[in-house]
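Asker: I'd like to ask some things about the structure below.
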Amino acid sequence: MLKILIALVLMAHGIGHSMGPLGMFNIATINPAWHGDSWILSGVGPSLTQVVGTVLWTLALVGFIAVGAVVLGWLPADWWVPLAVGSSLVSIAGIILFPVAFPVFSTLGALAVDVVVLAAALWLGWTPSDVAV
């Protein structure tokens with residue numbers, strides 16, 4: 001049961017990254033204070049900013065869904081560390097480049113999940129096989 005809960009949190013975190021492109025392309029209003037810009041990419045133009053944001057959030061979305069699939073045993077266990085670390089770092093990069101893209105609570109929650117995943121994978125040496133089904 002715990003594996004399922006962990007996998008659901010990871011997959012939900014991944015799906016949450018879909019809010020980035022939805023807000024950036026004005027499909028949905030995620031944070032009314034954000035207009036698709038990045039504090040650090042302001043000089044490169046809106047098109048490149050949209051590409052960077054979309055690539056980061058899409059990678060994080062797919063990556064965290066895959067991480068959840070690893071936890072459930074649907075993908076090889078050897079993929080855990082590279083997917084967990086890569087997805088977390090990409091997510092953190094999105095947060096750094098677009099800090100106001102999401103509401104504050106969502107941003108802090110996403111950052112917390114990213115840090116916990118990094119700590120579990122790198123410092124604690126946690127693997128999905130550590131949790132009983």
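The values are calculated or read from the model by the stated rules, or taken from the named source; none is laboratory data. These numbers come from a predicted model, not from an experiment. No Cβ is skipped: glycine too gets one built from the backbone with ideal geometry, and neighbour counts run over all protein chains shown. Heavy atoms of the whole protein, side chains included, go into the accessibility calculation; ligands, DNA and RNA do not. Shrake-Rupley method; radii C 1.70, N 1.55, O 1.52, S 1.80 Å.
Asker: Does region 25-61 hold any residues that are among the β-branched types (V, I, T), over 17 Å from H13 (Cα atoms) and outside any loop (DSSP other than H, G, I, E, B), and which are they?
Answerer: Result: T49, V51, V52.
Asker: On the given criteria, is G109 open to solvent by 20 Å² or more (accessible area, probe 1.4 Å) and more than 28 Å from A28 (Cα to Cα)?
Answerer: no
Asker: Could you list, in sequence order, all residues of region 55-64 that are open to solvent by 60 Å² or more (accessible area, probe 1.4 Å) and either among the basic types (K, R) or in contact (Cβ under 8 Å) with a residue 12 or more places away in the chain (or both)?
Answerer: T58, L59, V62
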